[in-house]
Each structure stands twice: as C-alpha cells, then as structure tokens.
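The values are calculated or read from the model by the stated rules, or taken from the named source; none is laboratory data. On a predicted model such as this, the values are computed, not experimentally measured, just so you know. Reconstructed Cβ throughout: ideal geometry from the backbone, glycine too, with neighbour counts over all protein chains shown. These accessible areas exclude ligands, DNA and RNA; they are computed on the full protein's heavy atoms, side chains included. Shrake-Rupley method; radii C 1.70, N 1.55, O 1.52, S 1.80 Å.
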Amino acid sequence: MSGLVEQQVLNALIQLDDTVRQFPKTHPKPDLLPLFAQIDALTAQLPPTTDPALLHYLHKKSYEKARLYLLGRDAENQAGNCRHV
C-alpha cells in the first residue's frame with residue numbers, strides 16, 4: 001500500500017465489513033450511509049498515480065474487491081460482469 005489515503009480507505013472498508021458482518025445481531029440496524037460517504041470522500045482524495053484497478057473497484061462500489069486489493073490479496077478477486085477482475 002502506497003499512501004496514507006489508501007490506508008484510510010482500507011480502514012474504512014474494514015469498518016464497513018465489520019459492521020455488515022454484525023448486521024444480523026445488531027438492533028437497531030446501523031446507518032451505513034456515513035461509511036459510504038467516507039469511502040467516497042477518501043476515494044476522491046486518492047492521487048492520480050493510484051492503481052487503476054483500485055480506482056475501478058472503488059468507483060464501481062466493489063468494496064470487497066477494493067478491500068482485498070488493499071490487503072495484497074487481489075488474486076482472490078473474481079472477474080465481474082464488466083470483465084474486470
């Protein structure tokens with residue numbers, strides 16, 4: 001991972017993943033919109049040198065793929081309908 005903003009994106013994606021995993025046990029249900037807004041805001045801050053694959057995942061809201069990419073596990077990602085892994 002190359003930068004502070006990417007680390008912040010990863011932290012937000014991990015928080016989203018943790019929140020979603022707890023969803024069945026959580027009452028009242030948490031509001032995910034602030035997390036989505038945070039991820040969008042961080043995505044907008046990524047430098048132009050950011051890997052196009054990561055940008056693709058984030059712009060297409062493929063947050064699981066983006067999380068795996070940032071964890072160095074991009075090989076686990078499956079090709080999507082857009083023919084992009």
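Here are a few things to note about the model shown:
- Of residues in segment 51-70 being in contact (Cβ under 8 Å) with a residue 40 or more places away in the chain and open to solvent by 10 Å² or more (accessible area, probe 1.4 Å), the one nearest to GLY3 (Cα to Cα): LEU70
- The residues listed here are ASP40, ASP17; of these, the one that is surrounded by 10 or more Cβ atoms within 10 Å (Cβ to Cβ) and under 16 Å from LEU68 (Cα atoms) is ASP17.
- Residue satisfying condition, being under 13 Å from the mean Cα position of the chain (by Cα) and either acidic (Asp, Glu) or modelled with pLDDT under 95 (or both), within set ASP51, ASP17, ASP31: ASP17
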